[in-house]
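Chemist: Take this structure, written in structure tokens, and hold onto it; I'll ask about it next.
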Amino acid sequence: MRPKRALITGITGQDGSFLTELLLSKGYEVYGVIRRASTFNTDRIDHLYADPHEEGARLRLIYGDLADGSSLNKMIRTIEPDEIYNLGAQSHVRVSFDIPEYTAEVTGLGTIRLLEGIRETGLTPRFYQASSSELFGNTTEAPQNERTKFYPRSPYAAAKAYAYYMTVNYREAYGLYACNGILFNHESPRRGETFVTRKITRALANIKHGRQRELFLGNLEARRDWGYAGDYVEAMWLMMQQPEPDDYVIATGETHTVREFLDEAFGYAGLDWHEFVKKDPHYLRPAEVDRLQGDASKARERLGWKPRVGFKQLVKMMVDADMARVKQEIEGTGK
Ligand code: NAP
Ligand code: GDD
């Protein structure tokens, strides 16, 4: 019997790298979609990548794009994956206000291109859609669960809402095993550097090492339910192993302001953030999501999933990693 095959879009991103590690550890063959870029963009998965010509290589990277349906169709037909994880997206909420059309193209329509690719080939891979707590947006209900009404507040969230409903629709209309993981914010030392947690821990490490004096941020009062990415990719896999497909909220249940993240991170490093943080309206959003807090009871009961890493541990892990990285950079360059 051949090993299970997974096709992952967004493999070069934070979640793609953790999910690849998990699937390889479970004996999967992993096929990852990468975009052509003028500089290397595989840093997060380089440690997992074997020479594709090497016998037994279990991670293969293929050029493709969520905006290019024919490349996706060809991949599905030739790879014949058992599971498809659609993690690829223009994933930055603030940036989606600057490039709304592109965000809809990739984050919204990219999903339908994959779903149609599956339907057209007549194959029956299981399908995971990276849905988001941003769907809840301006909700007044707290905490949010699978039954909470959506109120998207950005082009990103609106594109994710389209992708969410198309995933449900293909499940109901064509009997596809398709699920939505409605994941609340999850972070790690591999988090993109323009998301607020990583922006803070990276700046903190630079400040501590005398390489930066100021940190410019937007809204410090926003509340997020921040978990650890390594825990959250386990939930993705669990959703794909159930007898029936379904949608699940994945969250810690705790909510903290950006200000509290600053307190925790700078406090841990023995610094007072008030001395370094400056407000910059550039980082405010035309419409903000003020408060997210998830209720993952369904995932806990049906998937047996629960987060292992708490808020303080997450902050510490990210600060430690950025401190070590900056130290290494300084030792490497002498600056
Ligand atoms: P990320 O680090 O920003 O990674 C996004 C990935 O999508 C990257 O691999 C990127 O490739 C790829 N991508 C972007 N445009 C693409 C295109 N046109 N075609 C193919 N691939 C494209 O995001 P993440 O934090 O890992 O999140 C993974 C997914 O979960 C995303 O869909 C995100 O919206 C969603 N989500 C994330 C969170 C969270 O808190 N992290 C919560 C809920 C949902 P490049 O490396 O080439 O840019
Ligand atoms: N990025 C950023 N940069 N955010 C800032 C800043 C700043 O300088 N200053 C304050 N914030 C606030 C934002 O206004 C927002 O309220 C909060 O910090 C979190 O912002 P991000 O870290 O950019 O994440 P996000 O919540 O908008 O979106 C992330 O989580 C979603 C799940 O809820 C992304 O990963 C999305 O892809 C994901 O769907």
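Chemist: Please report the relative contact order for the stretch 145-250, taking Cα pairs under 8 Å with a sequence separation of at least 6, and give it as a percent rounded to a whole number.
Modeler: It rounds to 38 percent for the stretch 145-250.
Chemist: Give me the extension gain from Gln328 to Glu193: residue separation times 0.36 nm, minus the current Cα-Cα distance, reported in nm with one decimal.
Modeler: Gain on stretching Gln328 to Glu193: 46.8 nm.
Chemist: Let me ask another. Could you give the length gained by full extension between Thr140 and Thr42, i.e. 0.36 nm per residue of separation minus their alpha carbon distance, to one decimal place?
Modeler: 31.3 nm
Chemist: Where in the stretch 131-169 are there GluC sites (Glu not before Pro) that are in a DSSP coil and have at most 16 other Cβ atoms within 10 angstrom of their Cβ?
Modeler: Glu141, Glu146
Chemist: So, one more: Rounded to the nearest percent, how much of the accessible area of the stretch 66-178 (1.4 Å probe, protein heavy atoms only) is carbon and sulfur?
Modeler: 49 percent
Chemist: Sticking with this structure for a sec: Using a 1.4 angstrom probe with every protein chain in place, what is the largest-first accessible-area order of Glu21, Glu187?
Modeler: The residues order as Glu21, Glu187, largest area first.
Chemist: Sort Thr39, Thr257 from largest to smallest accessible area, using a 1.4 Å probe on the heavy atoms of the protein chains. Intermediate values should be presented prior to the final figure.
Modeler: Numbers: Thr39 95, Thr257 15 Å².
Order by accessible area, largest first: Thr39, Thr257.
Chemist: Oh, and also: Ignoring ligands, DNA and RNA, what percent of the accessible area of the stretch 274-329 is carbon or sulfur (1.4 Å)?
Modeler: Values: 1660 of 3410 Å².
Exposed carbon and sulfur together represent 49 percent of the surface.
Chemist: At a probe size of 1.4 Å, how large is the accessible area of Asp263, to the nearest 10 Å²?
Modeler: Probe radius 1.4 Å; accessible area of Asp263 about 80 Å².
Chemist: Also, quick follow-up: Is there a quick way to get the dipole size of the chain? I mean about its Cα centre, with the Cβ of Lys and Arg at +1 and of Asp and Glu at -1; what is the value in debye to the nearest 20?
Modeler: 220 debye
Chemist: Can you give me the C-alpha center-to-center distance between the stretch 141-194 and the stretch 9-33, rounded to a whole angstrom?
Modeler: The stretch 141-194 and the stretch 9-33 have Cα centres separated by 20 Å.
Chemist: For a 20 Å ceiling on Cα separation, which of these pairs sit above it: Lys160/Lys316; Lys149/Lys199; Lys208/Lys316; Lys199/Lys312; Lys278/Lys327; Lys4/Lys26?
Modeler: Lys160/Lys316; Lys149/Lys199; Lys278/Lys327
Chemist: Counting DSSP beta bridges with both partners in the chain, what percentage is antiparallel, nearest 5?
Modeler: Antiparallel bridges make up about 5 percent of those DSSP assigns within the chain.
Chemist: Just from its helices, what would the mean residue ellipticity at 222 nm be for the chain, if runs of 4 or more DSSP H residues each count -39500 (n - 2.57) and the sum is divided by every residue, rounded to the nearest 500 deg cm²/dmol?
Modeler: Calculated mean residue ellipticity at 222 nm is -12000 deg cm²/dmol.
Chemist: Relative contact order of the stretch 196-313: what whole-number percent is it, with Cα pairs under 8 angstrom and at least 6 residues apart?
Modeler: Dividing the mean separation by the residue count of the stretch 196-313 yields 41 percent.
Chemist: Another one. Ranked by accessible surface with a 1.4 Å probe, highest first, in what order do Tyr31, Tyr63 come?
Modeler: Descending accessible area places them as Tyr63, Tyr31.
Chemist: Follow-up. Could you size up the charge dipole of the stretch 284-335 around its Cα centre, putting +1 on the beta carbon of Lys and Arg and -1 on that of Asp and Glu, and report it in debye to the nearest 20?
Modeler: 260 debye
Chemist: If contacts are Cα pairs under 8 angstrom and at least 6 residues apart, what is the relative contact order of the stretch 29-155 in percent? Walk me through the numbers on the way to the answer.
Modeler: Working: 140 pairs, mean separation 29.2, N = 127.
Computed over the stretch 29-155, the figure is 23 percent.
Chemist: Tell me, what is the per residue accessible area of the chain in Å², probe radius 1.4 Å?
Modeler: Dividing the accessible area of the chain by its residue count gives 46 Å².
The values are calculated or read from the model by the stated rules, or taken from the named source; none is laboratory data. Note that this is a predicted model, so its numbers are computed, not measured. Glycine also receives a Cβ, built like all others from the backbone with ideal geometry; neighbour counts cover every protein chain displayed. Note: accessible area is taken over every heavy atom of the protein model, side chains too, but ligands, DNA and RNA are not part of it. Shrake-Rupley method; radii C 1.70, N 1.55, O 1.52, S 1.80 Å.
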